Amino acid sequence: MTAESPAVPRTAPRKEKAGERRGGFREVAGPLLELLDRPLTSYYLIIGCSALLLTLGLMMVLSASSIEALQETGTPFTWFLKQSLSASLGVPLMWVCSRLPQRFFRLAGYPLMALSIIGLLIVIFVGESQLGAQRWIDLGPIYLQPSEPAKLGLALWGADLLARRAKKGRIEWRQLLIPLMPGTAIVAVMVMLGRDLGTTLVLMMIFLSLLWVVGAPIRLFGGILSVAVLATLIMIKVEPYRMARINSFLFPWDDAQGAGYQSVQGQIAIGSGGWFGLGLGSSRQKWDWLPHSESDFIFAILGEELGLAGTLSVVALFGLLGYAGLRVASRVNDPFIRLAASAVVAWVAGQAIVNIGAVIGVLPITGIPLPLVSYGGSALLPTLAALGMLLSFAKREPGAREALAARGPGPASRALSWLGLGGPARRVRAGRREGHIDR
């Protein structure tokens, strides 16, 4: 007989307590939450996202424009060199704006708004017309598009106007009628006269964001949207070609060789990319298939060459950039900074949504560029200036100035110091020698 082994009692599986689950989540998310709580998080997010989008944009402009540039100028680098020149001007402009005080931006909105209106008037009478849209002023070697700086002008002018009234007490919605609404309407109507629907939408986003931050009642938004819908119906009735555009948006494949051609070719480019794309520079649609592949539809070429991974990365970068701007607006108590930062986020993120939505076919084609990525110096310079302003505002977050002082001067300040021009860098070093600033 064999002795039976004693039965091993089964133990019930250990149940994980809710507190332990929360503790595990804290262990995973703790470093991320700690990183987000740092005073310079917004500052570095704005710099990092802007640099990545600008670098990616230069690469995509080179790829998307190379064939057309080779055919028209004999070299594939023409549009890339022009965009590189704009970037070489825009990056120092961004750096300068990051070091300017808030008072400068409050004062700059008024002349910038006035100059934009003058420029838009010039466009109406003697502007250059391309593809049915009258948006540019021909200055010989360059084309200037006044509607682009008008976005920055409206953001600064509107923010200062409402901030001044906010200091006097609660703003009544009737006070918004004059002069913010008329000023916005003047700029929007002048842009619409040039058949630039996309920029008009962005201007309305800036305007609505200012109203939202200042606490305008919901019924005011309803009235504004009702007027906008009525104006759209009137424009469709007056100019029937707009209805043709709407039909081409809703049913692009019904006229794939006509009104829906650009939308169809853009969707073909996006669909051809797959998960990881055909490879940088390997687009087929840029070979005279997709119109404006370097500007309005550069996102389609990006999707074709870098795939879904590339497009989602770009969307994530714009999302992080928008988060950083809203973080600045929420952490700084100054009314002007909150209004201006929110307006810039509505401008950059809203324009990105309109552009990407048009490329993937969920929004009508409006002809506006993808910020920081598409070809065009008139759009790039004001955008970089606005992001530099956000950097200046990010330094006003609690603890940000102390963290920057403890970090010491950056490469640009050290370079100026070597030339005998770096006053801030010398002051930091002197403070460290005297023990006022910790290393």
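Derivation of every value follows stated rules applied to the coordinates shown; laboratory data play no part. Please read these numbers as outputs of a predicted model, since none were measured by experiment. Quick reminder, even Gly has a Cβ in these numbers, built from the backbone with ideal geometry, and neighbours come from all protein chains shown.
Quick notes on this structure:
- Fewest neighbouring Cβ atoms within 10 Å first, the residues 199, 311, 55 line up as 55, 311, 199.
- For the stretch 39-397: Kirkwood Rh in Å [reciprocal of mean 1/r, alpha carbons]: 20.9 Å
- Contour minus Cα-Cα distance for residue 70 and residue 88 (0.36 nm per residue): 4.2 nm
- At R0 = 41 Å, FRET efficiency that the Cβ-Cβ distance of residue 219 and residue 125 yields, to 0.05: 0.60
- Amide H contacts of residue 363: 358, each under 5 Å away and 5 or more positions distant or on a separate chain (H built 1.01 Å from N in the peptide plane; Pro and chain starts excluded).
- Kirkwood hydrodynamic radius over Cα pairs of the stretch 38-189, then Stokes diffusion coefficient at 25 °C and 0.890 mPa s, in µm²/s: 132 µm²/s
- Summing +1 for each Lys or Arg and -1 for each Asp or Glu among the other residues whose beta-carbon sits under 15 angstrom from that of residue 115 gives 0.
- Close amide-amide hydrogen proximity is noted between residue 136 and 128, each under 5 Å apart and 5 or more residues distant or on a separate chain (H modeled in the peptide plane; Pro and chain starts excluded).
- Centroid-to-centroid separation of the stretch 70-95 and the stretch 343-372 [C-alpha atoms, Å]: 22 Å
- Neighbourhood net charge (15 Å Cβ-Cβ; Lys/Arg +1, Asp/Glu -1) for residue 201: +2
- Taking only Cα atoms of the stretch 173-238, radius of gyration then Dmax in Å: 12.1, 36
- Packing-based exposure ordering (other Cβ within 10 Å, fewest first) of 136, 253, 157: 253, 136, 157
- In the stretch 270-349, inverting the average of 1/r over every pair of distinct C-alpha atoms gives 14.2 Å as the Kirkwood radius.
- Mean Cβ count within 10 Å, highest first, over the residues of peptides 66-75, 141-150: 141-150, 66-75
- Count Lys and Arg as plus one, Asp and Glu as minus one, and take only other residues whose Cβ is under 11 Å from that of residue 368; the net charge is then -1.
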